[in-house]
Amino acid sequence: MNVPAPIQEPFDAAGFREEYLALAERIRVTMQTQVRAGPPQEDSFEALALDIFRFQCAHNPAYSNFCRSLNHGRLPEPGTWSEIPSVPAEAFKLAEIPVACFPPEQAQACFQTSGTTAGARGKHYFYSTDLYRDSVLLGWRELGLPELPTMILTPSPLDAPQSSLSFMMGVLAETWSPEEESFLVNAGGELDVAALEARCAEGSPFLLLGTALSFLHLCELPGQAPALRLPAGSFVLETGGYKGTGRALEKSALYSLMQNRLGVDPENIINEYGMTELSSQFYTVGPGKENQTHRGPHWVRARVRNPESGEPAEEGEAGFLEIFDLANLGSVAALSTRDLAVRRDGNSFELLGRDPRATPRGCSLSAGAFQDAQQS
Amino acid sequence: MLTQERARHLAKAIKAFPILGSVSADDLVRLVTMELGHPGILDGFQEKGDIRTKATAPATILHIVSGNTAHAGLQSLVRGLLLGARNRCKIPSCGLPEIAQFQENLPGELAELVEIESDLPEDWLREADAVIVFGSDETVRQVRKKIRPHQKFVPHGHRISFGILFDDLSAKAAEDAARDVSVFDQQGCLSPHLFYVKAPSGSEAAAFAEQLAEAMEAFNRHTPRRALTSEEANEIMHLRSGYRFRAASDPSVRLWCSEDTTDWTVVYETDPAFAISPLNRFVFVKPLPDDLALHLRPVRAHLSSICLHPFSETEAVALSLLGASRICPLGRAQEPSLFWHQDGSASLAPLVDWIDLG
């Protein structure tokens, strides 16, 4: 019942860099080999997952303290990836306890969760963004997503260095549109509609990426001209919700809006599930129905736990989603999210919408309702 | 039926509902006198200054009642019946059987003044002379939009309560605190989210948190919490996990919780910021800061009760400027007096109209 007394350990810098680079190389080879070679090999995922766990425990004191606290003060010795303790995404918000295997000042990049008026922003430190870059690109290829020139409804990574989303979209832009300026939003948040219209007028298909909110704003531009219709064969990638904006729109409603206003075929709409706290992404393609399966590349695993007991849920059972991402080498590979989902096969899951029975029952103000009220 | 007679029948019906406390017919008549000025003011014209006046009850009161807080719904119905109004109760879809049970305990003439539905009929809102709503701020907002200018509107939106304990950190105090948190699974506006504890040292404050954890476990053994939705359980699981992560590296944070379930959770942390619970028996314990008023600022507009221990009028008066509308003894959070001013307002006076002679 009681959590054991905390164990404080300093960062173990000795040997960190060599170990990090060696593991990063193994992960990269696994990603590349299996993208080329076809079906993934579970044993190599397992071996890497356990080696990464040992590495993260050795170099990330907050994580090893947490793991010990879950195991009567002793470091657990998992026999399989699914026994590796996951860290709640909430932990990335603790300024005084960085979730990192290295001192934050040595980070090449630090991505932050979007700011809200209530509560701190989560910080994900990256010793190197190389693995992140590989994961974005190789994941995209493995999942057979469209390799088209890009146009992007967010600021560029230069204007938004703390945004993992801008970085991720930047990787796709560098690869598929190396010669073009893909980012359509400036540092002040202004959208260059004329540039988008001009691109539409060229007539060749492209991939338009943005947050769900940015698409909503685009579709609501006053007096929208037919010039904003995307050329046939174009794809759209939307991601994220509307939290903190006071807006809400069912996914199916957003998709019909995009179909009507931008002329995009619903079969060509991709939804991305990503988190600042991760290095890999999950995608689902097609009409905006609820209950669609999000799939990730072979170096990630999804697992679902019963929210009452914390025990693993069976395939097809609902619970909270945990993700194991081999590419999250410098922080923690095992992350637990607040999202409710149903597990499908190994690296895919079905997100659940808000449970309608979960509306507040009484007149007591809950933490969630208070936060929503502060943001609206 | 005259006020006195209604009071007599109501007091009899109330006896079957211990959560309403001990209420006599005289108490009910006294409530009328206190709020409206005369025990017979609803029955005939009474002198007031140089005029004679009579209070008239709204013909129909619509009570929109939230789930899991039978107490508030029953008290509202009792007030409506005491006034002699017709009472239409919209109960939550998850049910609130106490309202119908109360109706069954009334004599025919009063029982006929009560109607109960779980789906709000359109004409109920239109036909009501007064609308009383209990629930989330969103529910209140939705109902408010539909209120017409001539209708009286009494909203009871989201509220937060907390406790303050000075020095006497006994097992009995922990037991009282656990009861205040656990009754109604923290769904009511009188349920404390947090206890600020004044103790000689942090370790004594933390020791109280541990005692509270034991009392929460004991309460749960005899009165288990209702089953939660996945989303509610997930909120608790996630928040617990975040505190467990912190506690592992930060000695100023500690966590106690039920094993293998989300039944109850106690978090101790030295950070004095007001912490809001995800509800369902999740409570915080923190050392009492010197600048409490500053830490209450973000929730001041939502404050309801402060559960004080040990209770003394001097101390309660000193706390009365913090923004709460009620300071009550620890252990009694969920049993407000018939005479209390819910959310700081009178309960009968806002509902009546007056006819003056002279």
### Query
Does B:PHE208 satisfy being surrounded by 22 or more Cβ atoms within 10 Å (Cβ to Cβ), touching a Leu at 6+ places or on another chain (Cβ under 6 Å) and not in a helix (DSSP H, G or I)?
no
## Note on the structure
When A:THR129 is run through (1) touching a residue at least 60 places away in the same chain (Cβ under 8 Å); (2) surrounded by 18 or more Cβ atoms within 10 Å (Cβ to Cβ), the failure sits at (1)
### Query
So which residues in segment B:270-287 are free of Cβ contacts under 8 Å to residues at least 40 places away in the same chain and crowded, with 23+ Cβ neighbours inside 10 Å, if there are any at all?
none
### Task
State which residue is nearest to the other protein chains (Cβ to nearest Cβ) when the search covers only segment A:336-347 and only residues that are farther than 20 Å from B:ALA233 by Cβ and surrounded by fewer than 20 Cβ atoms within 10 Å (Cβ to Cβ).
A:ARG344
### Meets criteria (under 24 Å from the mean Cα position of the chain (by Cα), part of a strand (DSSP E or B) and within 20 Å of B:HIS156 (Cα to Cα)) for B:LEU62
yes
### Query
Any residue at all in segment A:350-372 that is at pLDDT 85 or above, within 17 Å of the chain's Cα centre (by Cα) and surrounded by fewer than 24 Cβ atoms within 10 Å (Cβ to Cβ)?
yes
### Query
Do the conditions hold for B:ARG240, that is, is it out of contact with any helix residue (DSSP H, G or I) (no Cβ under 9 Å at 6 or more places or on another chain) and either among the basic types (Lys, Arg) or modelled with pLDDT of 95 or more (or both)?
yes
### Summary
In segment B:243-270, anything within 11 Å of chain A (Cβ to nearest Cβ) and under 20 Å from B:ALA199 (Cα atoms) is listed as B:PRO251, B:SER252, B:VAL253, B:ARG254, B:LEU255, B:TRP256, B:VAL266, B:VAL267, B:TYR268
### Query
Checking B:HIS71 against (1) touching a His at 6+ places or on another chain (Cβ under 8 Å); (2) at pLDDT below 95; (3) surrounded by fewer than 21 Cβ atoms within 10 Å (Cβ to Cβ), which test does it fail?
(1)
### Query
Of all residues in segment B:146-184 being more than 14 Å from chain A (Cβ to nearest Cβ), under 23 Å from the mean Cα position of the chain (by Cα) and acidic (Asp, Glu), which is nearest to B:HIS295 (Cα to Cα)?
B:ASP176
### Message
Pairs please, first residue from segment B:1-17 and closer than 12 Å to B:VAL78 by Cα and touching a residue at least 24 places away in the same chain (Cβ under 8 Å), second anywhere and of a type in the set (S, T, N, Q) and not in a helix (DSSP H, G or I), Cβ atoms under 8 Å, 6+ apart in sequence or on different chains.
### Response
B:LYS12/B:ASN105; B:ALA13/B:ASN105
### Message
Tell me yes or no: at least one residue of segment B:185-195 is part of a helix (DSSP H, G or I), within 13 Å of chain A (Cβ to nearest Cβ), touching a strand residue (DSSP E or B) at 6+ places or on another chain (Cβ under 8 Å) and buried (at least 22 other Cβ atoms within 10 Å of the Cβ).
### Response
yes
### Query
Scanning for something of a type in the set (Gly, Ala, Ser) and within 29 Å of A:ILE27 (Cα to Cα), does segment A:140-157 turn up at least one residue?
yes
### Query
Taking the condition within 14 Å of chain A (Cβ to nearest Cβ) and either in a loop (DSSP other than H, G, I, E, B) or in contact with a Gly (Cβ under 8 Å, 6 or more places away or on another chain) (or both), does B:ALA72 pass?
yes
### Message
Condition first: aliphatic (A, V, I, L, M), under 17 Å from B:ALA100 (Cβ atoms) and assigned to a strand (DSSP E or B). Now tell me which residues in segment B:111-130 satisfy that.
### Response
B:VAL114, B:ILE116
### Task
Just one of (1) in contact with a Pro (Cβ under 9 Å, 6 or more places away or on another chain); (2) surrounded by 20 or more Cβ atoms within 10 Å (Cβ to Cβ); (3) within 25 Å of B:ILE147 (Cα to Cα); (4) not small (Gly, Ala, Ser) trips up B:ASN87, so point out which.
(1)
### Query
Looking at this structure, is B:PHE153 in contact (Cβ under 8 Å) with a residue 12 or more places away in the chain and touching a helix residue (DSSP H, G or I) at 6+ places or on another chain (Cβ under 6 Å)?
no
### Query
In the set B:SER230, B:SER258, B:SER201, which member is in contact with a helix residue (DSSP H, G or I) (Cβ under 9 Å, 6 or more places away or on another chain), modelled with pLDDT under 95 and not hydrophobic (A, V, I, L, M, F, W, C)?
B:SER230
### Query
Given the residues A:ASN291, A:ASN268, which is the only one that is modelled with pLDDT under 90 and within 29 Å of A:PHE215 (Cβ to Cβ)?
A:ASN291
### Task
Kindly establish whether A:THR211 is closer than 19 Å to A:ARG133 by Cβ and hydroxyl-bearing (Ser, Thr, Tyr).
no
### Task
Can you work out which of the residues in segment B:131-145 that are crowded, with 18+ Cβ neighbours inside 10 Å and part of a helix (DSSP H, G or I) is farthest from the other protein chains (Cβ to nearest Cβ)?
B:VAL143
### Query
If the Cβ limit is 6 Å and pairs must be 6+ apart or interchain, which residue in segment B:224-235 that is facing chain A (nearest Cβ under 7 Å) pairs with which residue that is crowded, with 22+ Cβ neighbours inside 10 Å and hydroxyl-bearing (Ser, Thr, Tyr)?
B:ALA233/B:THR262
### Query
So which residues in segment A:305-335 are closer than 14 Å to B:ALA233 by Cα and assigned to a strand (DSSP E or B), if there are any at all?
A:ARG305, A:ALA318, A:GLY319, A:PHE320, A:LEU321
### Query
Pick from B:ALA55, B:ALA111: which is in contact (Cβ under 8 Å) with a residue 40 or more places away in the chain and among the small types (Gly, Ala, Ser)?
B:ALA55
### Message
Looking only at segment A:197-221, how many residues end up being at pLDDT below 90 and over 24 Å from A:SER252 (Cβ atoms)?
### Response
0
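The values are calculated or read from the model by the stated rules, or taken from the named source; none is laboratory data. This structure is a prediction, so every number in the text was calculated from the model and none was measured. For neighbour counting, all protein chains shown are included, and Cβ atoms are generated from backbone atoms with ideal geometry for every residue, glycine included.
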